[in-house]
1. Taking square-rooted eigenvalues a ≥ b ≥ c of the alpha carbon gyration tensor, is the chain rounded, prolate or oblate, where a/c under 1.5 means rounded and, failing that, a/b exceeding b/c means prolate?
2. From the helices alone, meaning DSSP H stretches of at least four residues, give me the mean residue ellipticity at 222 nm for the chain, per-run term -39500 (n - 2.57), in deg cm²/dmol to the nearest 500.
3. Loop only per DSSP, at most 16 neighbouring Cβ atoms within 10 Å: give me the trypsin sites (Lys or Arg not before Pro) in the chain, ordered by residue number.
4. Along the Cα-to-C-beta direction of Leu70, a point sits 7 Å from the Cα; which residues of the stretch 1-31 have their amide N less than 18 Å from that point?
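Just so you know, all these numbers are worked out from the coordinates, no wet-lab data involved. Because the structure is a prediction, the values reported are computed rather than measured. As a convention, Cβ positions derive from the backbone with ideal geometry for all residues, glycine included, and neighbour counts pool all protein chains shown.
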Amino acid sequence: MIPLALIREGERVKVSRISGGRGLIRRMTDLGLRPGAEIEMITASRTGPLIIRLGEQRLGIGAGMAKKILVDLIQ
């Protein structure tokens with residue numbers, strides 16, 4: 001497992017775990033970002049928001065939040 005913040009553009013990953021408080025976990029779950037969800041990194045930024053594709057939607061995730069979302073690469 002690696003943090004979402006370290007994924008490069010174009011890579012596809014599967015969410016393994018969200019390590020954060022109840023508020024963060026609930027916010028991510030409400031957006032559909034839960035363990036087992038497959039996402040693709042659209043724009044990787046080390047300082048600003050990351051843009052990911054989750055199904056048909058695109059989401060902006062702050063760098064701090066992205067460090068708490070642990071993912072596995074999809075081969």
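1. On the way: a/c = 1.31, a/b = 1.18, b/c = 1.11.
The shape class here is rounded.
2. -4000 deg cm²/dmol
3. Details: sites: Arg8, Arg12, Lys14, Arg17, Arg22, Arg26, Arg27, Arg46, Arg53, Arg58, Lys67, Lys68; in loops: Arg8, Arg46, Lys67, Lys68.
Those that pass, being in a loop and sparsely packed, are Arg8, Arg46, Lys67.
4. Within reach of a label on Leu70, which here means backbone N under 18 Å from a point 7 Å along Cα→Cβ, the stretch 1-31 contributes 1-7, 13-26, 28-29.
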